[in-house]
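Structure, as structure tokens:
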Amino acid sequence: MNKAPNEYLLHLADNAVVLGQRVAEWCGHGPILEEDLALANVSLDLIGQARLLYQLVATRLGGDATEDSLAYFRDDTEFLNYTLLELPNHDALVGYAASDMDYATTIVRNFFYSALMVLLWDKLQSSTDADLAAIAAKSLKEARYHLHHSADWLVKFGDGTEESHQRAQAAVDHLHPYTEEFWTPSAQEEAAIANGTAPDVRALHQAWDALVADTLATATLKRPQTQGYVPEGKQARHSEHLSYLLGEMQSLARAHPGATW
Amino acid sequence: MESAKAKIWAALEHLTDPEIPVVTLRELGILRDVRVAVDGSLEVVITPTYSGCPAMGQIEDDIRASLAQAGIEAHVVTQLAPAWTTDWMTPEAKEKLRAYGITPPQRRCADEAGGGAHVLTFMPPRPTETVPCPRCGSHNTTLTSQFGSTACKALYKCLDCLEPFDYFKPY
């Protein structure tokens, strides 16, 4: 059996755990009870996907590696997630709608990411790495529900009130440039493409564009121009936000290494 | 060996899902197989439901405890592929769910166009099934939220008897 490079598996795992952690910040703070539950469930799915991938890498690394050592004892400069996923749940803190928890930002990010993952997991189902293919087949089912959930809310916001429209548009304008990172293969992606364990992400660009354009049009939202800086989170060059996120996520495990309960 | 396997099936026959205690693990399709491993030991094969389902740890513990109680030595093996699907639920499980107040899946996932292996250009097909109320049987129901008390369920409301209810989503 072919094996996907560990760094590629970590890229997928880090994506899931970092977004899972961000989405979990809504737990107990959701705008309505149903959404509080929905986001907790989305977060659980993502953390579950991350666990399956970390467990796979830990098994392949052998030695002392465990899912916990990979999630809790790697530093921010070793994480390989997209920058998009580590950004806080809000836009720049200026203007009349300034709040450190903005639901439109969360929904738009979940939409951009799950639109990508529905395409990517679908392709990864036929990866020549059978373990990765098995994880992809499970994760695809979950990503589809995440996509429907976020797309439905995006349309409600965009085609809703004047304020919900403005805030959804602000979130799209803020986050869309970060999606450029999806389409430039990193070294680990190139390695996975080369050994036949992953598809070329560039081949998914057109389908993603169509899905996003279609949903934004239904939501009466404008799609911003894509140009300028391409983030490099998946190459372990992150924004400052990841350090704080990991600081919170890893503090307990690092304060009490090996603790069980 | 066949009798040892039968003993294991019997020991686990009444083991139920920790969150939906009216259906057994076998009926849900979580308990997949009892088989002999390469080294001659016995293996109980389970397939996880949702990736983040917090009940999976409990399910493994429950199986180990039941095996120990019956004095049986066997390993519990988690198998990811083929991925668990609600298509594996037995008709009895579906009826038990309904009687318990949870509408069972109304759609077979394997019947979806391409079974998920097709190339998506736009939004993947949306659920189009009607979801009957588990209490009054009315088809006049509406989706409240795509996620309910657990990841595997959605929240619905009956527009006739006005009761809210859970729907076990096709997966």
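The values are calculated or read from the model by the stated rules, or taken from the named source; none is laboratory data. Being a predicted model, the structure only gives us computed values, none of them experimental. Glycine gets a Cβ as well: all are built from the backbone with ideal geometry, and neighbour counts include every protein chain shown. These accessible areas exclude ligands, DNA and RNA; they are computed on the full protein's heavy atoms, side chains included. Shrake-Rupley method; radii C 1.70, N 1.55, O 1.52, S 1.80 Å.
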_Give me the dipole magnitude in Debye, nearest 20, for segment A:1-92 about the Cα centre, with unit charges on the beta carbon: positive for Lys and Arg, negative for Asp and Glu._
420 debye
_Crossing angle, helix B:91-100 versus chain B [Cα axis fit, 0-90 degrees, rounded to tens]_ = 60 degrees
_Dipole in debye (nearest 20) - the protein assembly as shown, about Cα centre, beta carbon charges: Lys, Arg +1; Asp, Glu -1_ = 880 debye
*For chain A, build the charge dipole from Cβ charges (+1 Lys, Arg; -1 Asp, Glu) around the Cα centre, then report which of A:Leu242, A:Pro231, A:Asn2 sits farthest towards its positive end.*
A:Asn2
*Which sequence of B:Cys133, A:Cys27 reflects their accessible areas, 1.4 Å probe, from the largest down?*
A:Cys27, B:Cys133
*Euclidean distance of C-alpha centroids, segment A:70-91 and segment A:114-133, integer Å*: 21 Å
*Contact order normalised by residue count of segment A:1-120, Cα under 8 Å, 6+ apart, percent*: 26 percent
*Only bridges with both residues in the protein assembly as shown count here: give the DSSP antiparallel percent, nearest 5.*
75 percent
*Quick one: accessible area per residue over segment A:1-138, 1.4 Å probe, rounded to a whole number of Å²?*
34 Å²
*Which value, in Å² rounded to 10, gives the accessible area of B:Ser51 with a 1.4 Å probe and all protein chains present?*
20 Å²
*Going by a 4.7 Å Cβ-Cβ cut-off, which cysteines of chain B have no partner at all?*
B:Cys53, B:Cys109, B:Cys152
*For segment B:30-38, what does the Karplus curve 6.51 cos²θ - 1.76 cosθ + 1.60, with θ = phi - 60°, yield as ³J(HN,Hα) per residue in whole Hz, taken in order and with x for Gly and Pro?*
7, 7, 8, 7, 10, 9, 9, 6, 4
*Taking the Cα centre of each part, how many Å lie between segment B:126-155 and segment A:223-244?*
39 Å
_Show me, for segment A:156-173, the HN-Hα J-couplings you get by feeding each phi into the Karplus relation (A = 6.51, B = -1.76, C = 1.60, θ = phi - 60°), rounded to Hz, glycine and proline as x._
4, 5, x, 9, x, 8, 4, 5, 5, 5, 4, 6, 5, 5, 4, 5, 4, 4
*Just for chain B, what percent of DSSP beta bridges are antiparallel, to the closest 5?*
70 percent
*If you bin the C-alpha pair distances of segment A:1-92 every 5 Å from 0, what whole percents do you get?*
3, 14, 21, 22, 17, 11, 7, 3, 2, 0
*Minimum 10 Å² accessible area buried by the other protein chains, segment A:43-90 residues, probe 1.4 Å, relative to alone*: A:Leu44, A:Asp45, A:Gly48, A:Leu52
_Tilt relative to chain B, helix B:55-69 - C-alpha long axis, 0 to 90 degrees, to 10_ = 30 degrees
*Taking only the C-alpha atoms, wrap a convex hull around the protein assembly as shown and report its volume per residue in Å³ as a whole number.*
158 Å³
*Over the protein assembly as shown, with every protein chain in place, what whole percent of the accessible area is carbon and sulfur at 1.4 Å, could you tell me?*
54 percent
*Of A:Lys141/B:Lys96; A:Lys3/B:Lys5; A:Lys234/B:Lys169; A:Lys3/B:Lys169, which ones are farther than 27 Å apart at the Cα?*
A:Lys3/B:Lys5; A:Lys234/B:Lys169; A:Lys3/B:Lys169
_Drop in accessible area of at least 30 Å² in the complex versus isolated chain, residues of segment B:51-84, 1.4 Å probe_ = B:Ser51, B:Gly52, B:Leu80, B:Ala83
*In Å², nearest 100, what accessible area do chains A and B bury in total when the solvent probe is 1.4 Å?*
2900 Å²
_Dipole axis of the protein assembly as shown (+1 Lys, Arg; -1 Asp, Glu on Cβ), positive-most option in B:Val76, A:Asn81, A:Trp26_ = B:Val76
*Near the amide H of B:Asp33, under 5 Å away, which other amide H atoms are found, from residues 5 or more places off or on another chain, if H is placed in the peptide plane?*
B:Val45
*Using Cα atoms only, what is the angle between the long axis of helix A:241-255 and the major principal axis of chain A, expressed in degrees (0 to 90) to the nearest 10?*
50 degrees
